[in-house]
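The values are calculated or read from the model by the stated rules, or taken from the named source; none is laboratory data. All values derive from a computational prediction rather than experimental measurement. Every residue, glycine among them, receives a Cβ derived from its backbone with ideal geometry; neighbour counts consider all protein chains shown. Ligands, DNA and RNA are stripped out before the accessible areas are found, and what is left, the full protein with its side chains, is counted by its heavy atoms. Shrake-Rupley method; radii C 1.70, N 1.55, O 1.52, S 1.80 Å.
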Amino acid sequence: MAEGKTESPGPKKRGPYISSITSRSVNLMIRGVVLFFIGVFLALVLNLLQIQRNVTLFPPDVIASIFSSAWWVPPCCGTASAVIGLLYPCIDRHLGEPHKFKREWSSVMRCVAVFVGINHASAKVDFDNNIQLSLTLAALSIGLWWTFDRSRSGFGLGVGIAFLATLVTQLLVYNGVYQYTSPDFLYVRSWLPCIFFAGGITMGNIGRQLAMWTNEVGHLF
């Protein structure tokens with residue numbers, strides 16, 4: 001009677017479930033890192049503009065850092081950008097409403113340009129009073145959403161982001177971390193929620209486009 005041969009166990013192959021979890025985690029990590037650095041870059045550029053126009057004032061001991069910005073501003077903005085950029089496509093997926101309006105990189109770049117223009121207007125354009133400036137920026141921000149988003153989830157997230165970001169900013173200014181010149185909305189400027197709303201829409205569009213691009217690339221391999 002011949003003895004049966006025992007095969008030596010080879011390397012275990014990962015099942016499809018483990019592979020999908022791993023690829024999804026790598027996808028999220030790549031998108032998060034890209035969004036973080038985009039947020040850091042935009043924070044450095046836009047915060048420099050605000051400081052040069054004396055819209056925001058930091059204590060003298062923090063002005064010596066890069067681009068005359070407090071060191072903690074770019075990492076905080078980068079982290080917020082990563083969270084927002086990952087949250088938008090996640091909400092779209094859970095709502096079962098994939099966002100397909102103007103899904104191309106050229107549209108995303110135009111959205112970023114409009115956002116930078118809105119921020120530039122808040123620092124450079126002189127209005128008779130802050131109410132006129134706030135109403136103008138509110139109209140521009142809603143116009144940005146209508147032009148590049150038009151989703152109910154995008155609008156709702158933008159409003160929520162504007163509310164939370166304004167609340168955090170109020171607390172920072174109240175505790176003396178920095179200050180705004182001529183505050184007219186408690187401790188900050190009344191147009192600040194418009195900037196946060198436009199920023200949320202912009203990072204949401206970048207996050208959605210990155211999610212679509214990385215999924216398409218993943219399907220090729």
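Note on residue 97: accessible area approximately 90 square angstrom, rounded to 10, probe 1.4 Å, nucleic acids and ligands left out. Judged by the mean number of other Cβ atoms found within 10 Å, the most tightly packed of the peptides 25-35, 132-142 leads the ranking 132-142, 25-35. Paramagnetic label reach from residue 215 (point 7 Å along Cα→Cβ; backbone nitrogen cut-off under 20 Å): within region 85-112, residues 85-109. The string of couplings for region 156-167 from the Karplus curve (6.51, -1.76, 1.60, θ = phi - 60°) is x, 5, x, 5, x, 5, 4, 5, 5, 5, 5, 4 Hz, one whole number per residue in order, with x for Gly and Pro. Largest to smallest in accessible area, the residues 24, 103, 208 fall in the order 24, 103, 208 (1.4 Å probe, all protein chains included).
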